[in-house]
Amino acid sequence: MREDESRHELANMKNRADGLIYTTERSLNEFLHYLTDDERRLIHDDLENCRRARSGNDMSAIITAIKNLEKSSYRIAELMYRDAGG
């Protein structure tokens with residue numbers, strides 16, 4: 001039973017990573033010209049790390065990669081909010 005729960009939790013984290021990767025890539029393409037070279041590089045690196053972690057089965061690596069990508073992509077969210085008049 002515990003093994004099934006672990007597999008389910010891992011699948012959920014991988015799905016979360018997939019969603020975050022997708023939305024970050026879409027947002028990055030839309031707001032790329034607003035970002036500095038360093039911001040773009042950081043987001044690209046975190047996207048790659050998240051993809052790599054997502055392809056494995058190390059739950060802690062996936063969680064860390066998600067957190068790092070969320071943190072670096074926050075800059076895009078700020079730009080989206082500002083662009084929307086917020």
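The values are calculated or read from the model by the stated rules, or taken from the named source; none is laboratory data. All values derive from a computational prediction rather than experimental measurement. Every residue, glycine among them, receives a Cβ derived from its backbone with ideal geometry; neighbour counts consider all protein chains shown.
Brief remarks follow.
- Each residue in segment 28-39 was checked for being surrounded by fewer than 17 Cβ atoms within 10 Å (Cβ to Cβ) and part of a helix (DSSP H, G or I), and 7 of them qualify.
- Index of the failed condition, Asn57 passing every other in (1) assigned to a loop (DSSP other than H, G, I, E, B); (2) under 10 Å from the mean Cα position of the chain (by Cα): (2)
- Unmet requirement for Asp58, which otherwise passes all of (1) within 30 Å of Glu3 (Cβ to Cβ); (2) of a type in the set (D, E, K, R); (3) modelled with pLDDT under 95: (3)
- Filtered residues of segment 53-65 (kept if within 14 Å of Ala11 (Cα to Cα) and either surrounded by 14 or more Cβ atoms within 10 Å (Cβ to Cβ) or in contact with an Asp or Glu (Cβ under 8 Å, 6 or more places away or on another chain) (or both)): Ala53, Arg54, Met59, Ala61, Ile62, Ile63
- Contacts under 9 angstrom Cβ, first residue in segment 1-15 being among the polar types (S, T, N, Q), partner part of a helix (DSSP H, G or I), 6 or more apart: Ser6/Met59
- Count of residues meeting criterion [more than 17 Å from Asp18 (Cα to Cα), among the small types (Gly, Ala, Ser), assigned to a helix (DSSP H, G or I) and without any contact (Cβ under 8 Å) to a residue 12 or more places away in the chain] in segment 60-86: 0
- The one condition from (1) more than 11 Å from the chain's Cα centre (by Cα); (2) buried (at least 18 other Cβ atoms within 10 Å of the Cβ); (3) of a type in the set (A, V, I, L, M, F, W, C) that Ala11 does not meet is (2).
- Leu28 vs. criteria at pLDDT below 95 and touching a His at 6+ places or on another chain (Cβ under 9 Å): yes
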